[in-house]
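Report on one structure; see the data block that follows.
None of the figures in this text is laboratory data; all of them are computed from the coordinates on show. Since this is a predicted model, take the numbers as computed values, not measurements. Positions of Cβ are backbone-derived with ideal geometry, glycine not excepted, and every protein chain shown enters the neighbour counts.
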Amino acid sequence: MSGLESVLIVGTGLIGTSIALALREHGVTVHLADRDAASLRLARELGAGVEWDEGTRVDVAVIAIPPHAVAERLSALQKAGAARFYTDVASVKVLPLGRAAELGCDLTTYVAGHPLAGRERSGPAAARADLFLGRPWALCPTEETSADAVETLHGLVKLCGGEAVRIGAEEHDRAVAVVSHAPHVAASAVAARLADAPAAALGLAGPGVRDVTRIAASDPALWTGILSGNALPVAEVLEAVAADLAAAAASLRSAADPAAMASVTELLHRGVAGTGRIPGKHGGPPRAYSTVQVIIGDRPGELARLFKVAEAVGVNIEDVRLEHAPGLPLGAAELWVQPQAVPTLSEALREHGWHLP
């Protein structure tokens, strides 16, 4: 158990409760604290841990609250001697670290952290013990951070199933601006166009718009705090995206001229190149998967039947996406597999009576 026996989770939202559930599976004693009594009660009922008695000292205190409040809570916990070591899970790192230094916090026992995992849903009811499996978990120790603190936090990340990535706070904030924060704003901008879209347009919505806008369903209050805490790096990325979009719009207004579309084509090519750089499964190199599309009924057990066929012929399904047909009790399942597995899986599905378009 890496010497980790007891943990305090301060903040029983999605991330805090998921960490608690993951640690509980490894026999760690988890204490919970939250100013929201209802959230704390639900986390306890889910088996995430017991309510913290403020006289109890733990190995690690995990501060799972919005970025702007992290340093103040860290200071209070350290003054109370709540833990040997401390960390947080805020999605920005320069802000809490800078504020902690201003407040005179003991930075030798504090390892700023950020698990890059989440869902569009929030609160303890959305928590999952497997939320961090294979996901990168940024750790941003400073020059003052003790080696024991770093080692202990590496152990906590490992118990949760995450992959610890050591990175500087400024580099972290610039990175998440590109891969998380600006994409969230961009997704919200696209989703905002749907708010007043005619019903006929929404009736034609397919997997493309769903993929692009999924994260836009997240809590706006939570994201306002995140974005304001990383404002300048996010603004720089959004300005670059806005410039690309403005250039594309200008070209499209002159689409009758083939030369005008060159910038649009170039942007599309850059998009393909960027997508190809996203790491593959378990953080490995990018992989090109092929899809097998299957017509599937909207009935209980249909996906299980599909997976059983794949299991029987030894094909691993890397990902699956569902698209329901409007007004019909069926839809299409896209099974993502290794390219060489497509003929085997397709033949097996047809033999078991499945319809492949």
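Of all beta bridges DSSP finds with both residues in the chain, what is the antiparallel percent, to the nearest 5?
45 percent
Pick out, from His154, Leu232, Gly123, the residue whose Cα sits farthest towards the positive end of the charge dipole of the chain, with +1 on the Cβ of Lys and Arg and -1 on the Cβ of Asp and Glu.
Looking along the dipole axis, the top candidate is Gly123.
What spacing in nm lies between the two simple spin-label points modelled at Ala195 and Val50, each 7 Å away from Cα in the Cβ direction?
Rounded to a tenth, the inter-label distance reads 4.7 nm.
Take Thr344, Thr275, Thr152, Thr87 and order them by how many other Cβ atoms sit within 10 Å, fewest up front.
Thr275, Thr344, Thr152, Thr87
Taking the chain, how much of its Cα-Cα pair set, in percent, is spaced more than 30 angstrom apart?
Counting every Cα pair in the chain, those more than 30 Å apart make up 49 percent.
Whole percent per 10 Å bin, from 0 to the bin with the longest distance: what is P(r) over all C-alpha pairs of region 290-351?
Per 10 Å bin, starting at zero, the Cα-Cα P(r) for region 290-351 comes out as 23, 57, 19, 1 percent.
Tell me the angle of helix 147-159 to the major Cα principal axis of the chain, expressed in degrees between 0 and 90 and rounded to the nearest ten.
Rounded to the nearest ten degrees, it is 40.
Please report, largest first and rounded to whole Å, the three semi-axes of the ellipsoid equivalent to region 6-92, where each semi-axis is the square root of five times an eigenvalue of the C-alpha gyration tensor.
18, 15, 12
Quick one: grab the alpha carbon gyration tensor of region 99-197, order the square roots of its eigenvalues as a ≥ b ≥ c, and give me rounded if a/c is under 1.5, else prolate or oblate depending on whether a/b is larger than b/c.
prolate
Of Gly208, Ala38, Ser91, whose Cα points farthest to the positive end of the dipole of the chain (charges on the beta-carbon: +1 Lys, Arg; -1 Asp, Glu; origin at the Cα centre)?
Gly208
Between Asp319 and Lys79, what's the calculated FRET efficiency when r is the beta-carbon distance and R0 is 56 Å? Round to 0.05.
0.75
Would you mind pulling out the separation of the Cα centroids of region 138-211 and region 41-87, in Å?
Using only Cα atoms to place each centre, the spacing works out to 23 Å.
Of the listed peptides 93-106, 293-306, 191-204, what is their order by residue-averaged count of other C-beta atoms within 10 Å, with the highest listed first?
Peptide ranking by packing, descending: 93-106, 293-306, 191-204.
How big is region 51-135 in terms of Cα radius of gyration and Dmax, in angstroms?
Spelled out, the Cα radius of gyration and Dmax of region 51-135 are 13.6, 36 Å.
Mind giving me the nanometre distance, one decimal, between the label points for Asp244 and Glu334, set 7 Å out from Cα along Cα→Cβ?
1.9 nm
Just the projected area, averaged over all directions, of the convex hull on the alpha carbon atoms of region 6-167: how many nm²?
Averaged projected area of region 6-167's Cα convex hull equals 8.1 nm².
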